[in-house]
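Notes for the one structure printed next.
The values are calculated or read from the model by the stated rules, or taken from the named source; none is laboratory data. Here the structure is a predicted model, which is why all the values come from computation and not from measurement. All Cβ positions, glycine included, derive from the backbone under ideal geometry; neighbour counts span all protein chains shown.
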Amino acid sequence: MSDPTRSETLFRGVWRENPVMIHMLGLCPALAVTNTVMNSIAMGMATLFVLTGSSLLVSTFKRFIPHEVRITTYILIIATFVTIVDMSLAAWTPGLHKALGAYIALIVVNCMILGRQEAYASKQSVGRALLDALGTGFGFIIALVMMGAVREILGSGSFLGVSLFGDNFEPWLVMVLPPGGFLALGFWLLGLNWWTQRRERRAAEGAA
C-alpha cells in the first residue's frame, strides 16, 4: 500500500479519522467543556496548539530520544506546551480560563495527543507530523464545536452568546449539565452513522 499524499495526511483527521466522532478519543474535554460554543472553540484551539507544538518537537528530536524513556519525554514536551497555554489564558482571558478550569491542565493526559506522538510524529518527518497534527487538531475543534452548538442552542437558546429564540424559549437545562454532553455526542453519532450507511447503500445500489 502506497504512502498517503500530503492532502490525505492533512484531511484524514478532520473527517475520516476524526478523533472524537470516529476514534472516540479526547472525550473528557469533549463532554465536559462543550456547554457553549466559545468554550468549545477555546479548548479546541488550546489542544491544537499543544498537539502541533509537541508533534513538531517530537518529530524533530526523535533520533535523540531514547526508546526506553520516550513516553516520559513525550509527556514532558506536552506538559510544556500545556503550561504555556494555561498561563497565556490566565493572563489574557481570565474569564475563559476560569470557565475551562482544570480541563486545560488535563490536556497533558489527553490520549489523542500522546497517541499521535507515539503512533505518528515519532516515526515521520517534521512536515508529515505537522500535517497530521493540524488535521487531527482541526478535526477535534470541529467535533467540539458541533457538540457545543447543539448544547448551547438547546440548553441556553443562544449561539456564541447571541439569543436566538427570544424570551419565550424554554431552555433544556439538561443540555448545559454534564449529561448534556453524552446526549449531544449521541445525537451526532446517530446522525453521522445514519448518513454514512445511507451513502454506502446508495453507492452499492449504483454499482449494482
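Looking only at residues in the range 49-69 that are of a type outside the set (Val, Ile, Thr) and surrounded by fewer than 15 Cβ atoms within 10 Å (Cβ to Cβ), the one that is nearest to the chain's Cα centre (by Cα) is Phe61.
Take Val37 and decide whether it is over 11 Å from the mean Cα position of the chain (by Cα) and surrounded by 18 or more Cβ atoms within 10 Å (Cβ to Cβ).
Numbers: over 11 Å from the mean Cα position of the chain (by Cα): yes; surrounded by 18 or more Cβ atoms within 10 Å (Cβ to Cβ): yes.
It is true that Val37 is over 11 Å from the mean Cα position of the chain (by Cα) and surrounded by 18 or more Cβ atoms within 10 Å (Cβ to Cβ).
If you check every pair at least six apart or on different chains, which have Cβ atoms under 8 Å apart with a residue in the range 46-65 that is part of a helix (DSSP H, G or I) and at pLDDT below 95 first and a residue that is crowded, with 17+ Cβ neighbours inside 10 Å and not charged (D, E, K, R) second? Partner pairs satisfying both residue conditions: Lys62/Ala121; Lys62/Ser122. Assess whether Thr72 counts as being of a type outside the set (D, E, K, R), modelled with pLDDT of 90 or more and surrounded by fewer than 17 Cβ atoms within 10 Å (Cβ to Cβ). So Thr72 passes the test.
Here Leu131, Leu189, Leu183, Leu144 are screened, and the one residue that is out of contact with any helix residue (DSSP H, G or I) (no Cβ under 9 Å at 6 or more places or on another chain) and modelled with pLDDT of 90 or more is Leu189. Kindly evaluate Val85 against the criterion of being more than 23 Å from Ala32 (Cβ to Cβ) and either assigned to a helix (DSSP H, G or I) or at pLDDT below 95 (or both). No. Looking at Arg70, Arg116, just one residue is in contact (Cβ under 8 Å) with a residue 60 or more places away in the chain and not polar (S, T, N, Q), and that residue is Arg116. Just one of (1) in contact with a strand residue (DSSP E or B) (Cβ under 8 Å, 6 or more places away or on another chain); (2) touching a residue at least 12 places away in the same chain (Cβ under 8 Å) fails for Leu164. It is (2).
Can you list the helices (runs of 4 or more DSSP H) lying wholly within the range 91-208 that have 2 or more residues being among the aliphatic types (A, V, I, L, M) and surrounded by fewer than 11 Cβ atoms within 10 Å (Cβ to Cβ)?
Numbers: elements: 94-100, 111-116, 126-156, 178-207.
So the answer is 178-207.
Residue count for the range 110-146 under the criterion of being of a type outside the set (A, V, I, L, M) and farther than 27 Å from Val37 by Cβ: the result is 9.
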